1. If I ignore ligands, DNA and RNA and count only protein heavy atoms, how much of TYR8 is accessible to a 1.4 Å probe, in Å² to the nearest 10?
2. By how many nm would the segment from VAL34 to VAL14 grow when fully extended, if each residue of separation counts as 0.36 nm and the alpha-carbon distance is taken off?
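The values are calculated or read from the model by the stated rules, or taken from the named source; none is laboratory data. Bear in mind the structure is a predicted one, so any value in this text is a computation, not a measurement. When the accessible area is computed, the model is the full protein with side chains, heavy atoms only, and any ligands, DNA or RNA have been set aside. Shrake-Rupley method; radii C 1.70, N 1.55, O 1.52, S 1.80 Å.
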Amino acid sequence: MGGRTDAYTGSYWVHADRITYLDDSGFWAFGQLVDGVLHHAGFVLTRPAGRDATTAVPG
């Protein structure tokens, strides 16, 4: 669908509690970690129970 074989890829930078992301299409995104929870564009993104920063996500 859409002629892409892969999802967008990009780079990210972390400084203190702030995350900046730039994908290969030129899209920028910004987020902030508050008590281990990512806040981005009005969304609050949490990890599922039992997952931490070192737990791999099944593919």
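1. Approximately 120 Å² of TYR8 is accessible to the 1.4 Å probe.
2. Taking VAL34 through VAL14 to full extension adds about 5.8 nm, to one decimal.
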